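Contents: one structure, followed by commentary.
The values are calculated or read from the model by the stated rules, or taken from the named source; none is laboratory data. The model shown is predicted, which means the values in this text are computed figures rather than measured ones. Here Cβ is always computed from backbone atoms with ideal geometry, including for glycine, and neighbour counts include all displayed protein chains. In case anyone asks, the SASA skips ligands and DNA or RNA and just uses the protein heavy atoms, side chains included. Shrake-Rupley method; radii C 1.70, N 1.55, O 1.52, S 1.80 Å.
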Amino acid sequence: MTAPAFEWSLSGLVSAALVTIGVSSALLIASHGVRRVRNVRRRRRRARVRAELGRLVLDDSTNLDHEWSEGAMRRRDVEEVLVGMALKVEGQSRERLAQIAVTGGLVEWAAYHLDAPRRATRGRALRLLDVGFGPAGDGSTGRDRVDPKLVDLAVGQLTGCLRDRTPEIRSGAALVLGAIGQVSAVPSILRAVESEPSIPPALALRAIARVGRSAIPTLLLLGSSDDE
């Protein structure tokens, strides 16, 4: 290969490399810009959802059966905001969020997706059920808000989740079972603790305590046991 031909080939390779780098950089910048736009839009959507849910929580006179509607709000945004708000409030405000979860069909969606193939979907379902059924079985319990057939479906699915391959799903299922307030779920929780070391005994006791007053005999029995 002659020197001019070699120089031409090298020049061509350098030019091609520079073009490739330029195109890659442009695509990277464009992709970053698209992500930023999406993030801004997501924040704005969720701010609107937060404002709407806040209005429904503060206005005790609002009939959720007639007023609550997702409308143009995306389900995923409603889910994320609802769960986030439920972690920060208690009392009457927490009760209103539970009603919204039920009225908006989120609890029903969750009950039917506890056996979804994707772990993320099962986790979302557990978080929504925890909001819908409330933090405890006594007092204003989720069983009074949720259709009995849906409660039975959720209990069956949650009992199955106690054997899930993911530790976080098993633990979350135990807590939600306690929140539903069915004392019949206590044996399932105890069996899960015995067979699944990933469910800490302290978490199981918390789940059983969530059942409410009907779980007191079981808690007293456990407290008098020599088992660690």
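Compute the distance in nm between two label points, each set 7 Å from the Cα along the Cα-to-Cβ direction, one at ALA202 and one at ASP115.
The two pseudo-label positions are separated by 3.4 nm.
When only the heavy atoms of the protein chains count and the probe is 1.4 Å, how do GLU52, GLU108, GLU80, GLU90 rank by accessible area, highest first? Walk me through the numbers on the way to the answer.
On the way: GLU52 45, GLU108 100, GLU80 70, GLU90 150 Å².
Largest to smallest exposure gives the sequence GLU90, GLU108, GLU80, GLU52.
Mind grabbing the accessible area of THR103 for me, 1.4 Å probe, Å², rounded to tens?
50
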